[in-house]
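Take a look at the structure below.
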Amino acid sequence: MMQNKTRYIGLTGSIATGKSTVSSYLKKLGYPLVDADVIAKNIYSDKDVYKKTLAIFGRDILDKEGISRDKLARKVFGNKKALDELSKIVHPGILKNLQEEAFSYANADFVFLDIPLLLEMKEKIESVISFYEIWLVYVPREIQIERLIKRDGIDRAYALKKLNSQMSIEDKKRLADIILYNDTSLENLYAQVDYEIKNLKERIEKNR
């Protein structure tokens with residue numbers, strides 16, 4: 001696989017850990033960032049993907065704007081067979097678009113890729129992009145549960161069901177290169193990001 005000298009930094013987390021907060025801060029600082037969730041949201045504008053998704057999951061996943069990701073998510077949640085079928089339809093296009101957008105920053109020293117399921121799909125994603133580092137936004141599980149309950153207005157049982165459908169935050173912590181702790185203040189989280197960017201630039205400069 002041909003790849004330029006730009007370093008690709010994977011940014012990931014789990015439900016209610018604050019990954020989107022870090023992503024927004026990086027964009028505010030002016031660093032190039034590819035948002036996999038935006039790519040995934042737009043994949044249904046592809047006519048082939050749209051038709052295949054409707055053929056399998058039915059027209060009740062539609063709303064006035066097209067395929068509703070919320071309705072589709074409810075259909076596949078907790079149903080491995082349905083999730084596998086959806087993955088076969090959307091993942092090839094998502095990976096292609098992810099690679100194209102990442103490689104468009106050919107002159108950048110580094111590019112962040114915000115990918116929610118990066119560690120769950122690491123092997124597939126690394127077939128198109130090689131990561132220099134993976135950064136994880138982390139909170140302890142109990143705080144994660146509390147934030148999810150408050151954010152989504154759900155009970156503890158449903159929060160646990162949602163969390164248990166993904167790789168645990170502790171397993172992700174063991175697999176990541178850089179850990180950003182988001183269990184205190186926003187100012188502290190931003191300070192960690194600033195510190196890690198400084199270190200990243202130094203590592204890149206050292207390895208030129």
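A short reminder: the numbers here are calculations on the coordinates, not readings from a lab. Since this is a predicted model, take the numbers as computed values, not measurements. Here Cβ is always computed from backbone atoms with ideal geometry, including for glycine, and neighbour counts include all displayed protein chains.
Helical runs (DSSP H, four residues minimum) scored at -39500 (n - 2.57) apiece and divided by the length of the chain put the mean residue ellipticity at 222 nm at -17000 deg cm²/dmol. Sequence-ordered 3J(HN,Hα) estimates for segment 107-113 from the Karplus curve with 6.51, -1.76 and 1.60 and θ = phi - 60° stand at 8, 7, 5, 8, 9, 8, 10 Hz, glycine and proline given as x. Inter-label distance, residue 106 to residue 62: 4.1 nm, where each label sits 7 Å from its Cα along the C-beta direction. Remark: segment 28-96 carries a charge dipole of roughly 140 debye about the Cα centre, counting +1 on each Lys and Arg Cβ and -1 on each Asp and Glu Cβ. Between residue 84 and residue 187, the simple spin-label model (points 7 angstrom out along Cα→Cβ) gives 5.1 nm. Phi angles across segment 117-124 convert, under the Karplus curve 6.51 cos²θ - 1.76 cosθ + 1.60 with θ = phi - 60°, into 3J(HN,Hα) values of 9, 4, 6, 5, 10, 4, 4, 5 Hz, Gly and Pro given as x.
Averaging 1/r over every pair of different alpha carbons in segment 86-154 and inverting the result gives a Kirkwood radius of 14.5 Å.
For the listed residue pairs 5/124; 27/51; 96/198, the alpha carbons are over 27 angstrom apart in 27/51; 96/198.
Whole-Hz Karplus values for segment 192-208 come out as 5, 4, 4, 5, 6, 5, 4, 5, 4, 4, 5, 5, 5, 4, 5, 9, 5 Hz, taken residue by residue from phi with 6.51 cos²θ - 1.76 cosθ + 1.60 and θ = phi - 60°; glycine and proline positions read x.
Considering all alpha-carbon pairs of the chain, what whole percent are spaced by more than 25 angstrom? Looking at the chain, the distances longer than 25 Å represent 43 percent of pairs.
The simple Förster model, with R0 at 30 Å and r as the Cβ-Cβ distance, assigns residue 164 and residue 208 a FRET efficiency of 0.10.
Among 102-109, 201-208, 8-15, 64-71, sorting by the average number of other beta carbon atoms lying within 10 angstrom of each residue, highest first, gives 8-15, 102-109, 64-71, 201-208. Under the simplified labelling scheme, the residue 175-residue 45 pair shows an inter-label distance of 3.0 nm, with each label point 7 Å from Cα along Cα→Cβ.
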